[in-house]
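J.: The structure under discussion is supplied below as structure tokens; questions concerning it will follow.
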Amino acid sequence: MPKDEELLKSEYEKWRANARVTKEGFFPVFKNFRSYLKGSLSSEAIRVFLYLGLVSNNKSGEVFYPLSSIASYLDKTDEDLKDIMDELKAANLVERIKTEEGTKTFLLPY
């Protein structure tokens, strides 16, 4: 039996409210990200970007996971993930910098 409009709206509101109460982390995808959906990024790059957003520090954009862990989680080889990260870097969505602690990944404003 199909759900009605009011029930769907109510379920969504409850889901959002529960996420706030439980302090469930989130990653905002702003409307201007739509420009990346028109073929300028591969679907795999979008998938990786969303994952990076979900595991990044919400204030600094820093991703604390090593690429090998990310690759493993997403069932990618390290080399495939490196290529995807290069694609994201070329699109100005991420930056990787070398620090004394090792290489770090940061999300960039888009």
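The values are calculated or read from the model by the stated rules, or taken from the named source; none is laboratory data. Here the structure is a predicted model, which is why all the values come from computation and not from measurement. Cβ placement follows ideal geometry from the backbone for every residue including glycine, while neighbour counts extend to all protein chains displayed. Keep in mind that these areas ignore ligands, DNA and RNA; they rest on the heavy atoms of the full protein, side chains included. Shrake-Rupley method; radii C 1.70, N 1.55, O 1.52, S 1.80 Å.
J.: Would you mind stating whether Leu37 is open to solvent by less than 70 Å² (accessible area, probe 1.4 Å) and either in contact with a strand residue (DSSP E or B) (Cβ under 7 Å, 6 or more places away or on another chain) or among the aliphatic types (A, V, I, L, M) (or both)?
T.: Considered against the rule, which asks whether it is open to solvent by less than 70 Å² (accessible area, probe 1.4 Å) and either in contact with a strand residue (DSSP E or B) (Cβ under 7 Å, 6 or more places away or on another chain) or among the aliphatic types (A, V, I, L, M) (or both), Leu37 comes out as no.
J.: Still on this model: Run down Leu108, Leu52 and say which single residue is surrounded by 15 or more Cβ atoms within 10 Å (Cβ to Cβ) and either modelled with pLDDT of 95 or more or hydrophobic (A, V, I, L, M, F, W, C) (or both). Steps first, please.
T.: Working: Leu108 fails: surrounded by 15 or more Cβ atoms within 10 Å (Cβ to Cβ).
Step by step, each of Leu108, Leu52 is checked, and only Leu52 is surrounded by 15 or more Cβ atoms within 10 Å (Cβ to Cβ) and either modelled with pLDDT of 95 or more or hydrophobic (A, V, I, L, M, F, W, C) (or both).
J.: One residue is enough: does the range 95-104 have a residue meeting the conditions out of contact with any Asp or Glu (no Cβ under 7 Å at 6 or more places or on another chain), open to solvent by less than 30 Å² (accessible area, probe 1.4 Å) and either in a loop (DSSP other than H, G, I, E, B) or under 28 Å from Glu24 (Cα atoms) (or both)?
T.: Within the range 95-104 (the criterion being out of contact with any Asp or Glu (no Cβ under 7 Å at 6 or more places or on another chain), open to solvent by less than 30 Å² (accessible area, probe 1.4 Å) and either in a loop (DSSP other than H, G, I, E, B) or under 28 Å from Glu24 (Cα atoms) (or both)), the answer is no, since none of the residues qualifies.
J.: State the number of residues belonging to the range 60-91 that are open to solvent by 40 Å² or more (accessible area, probe 1.4 Å), among the acidic types (Asp, Glu) and farther than 12 Å from Arg47 by Cβ.
T.: Result for the range 60-91: 4.
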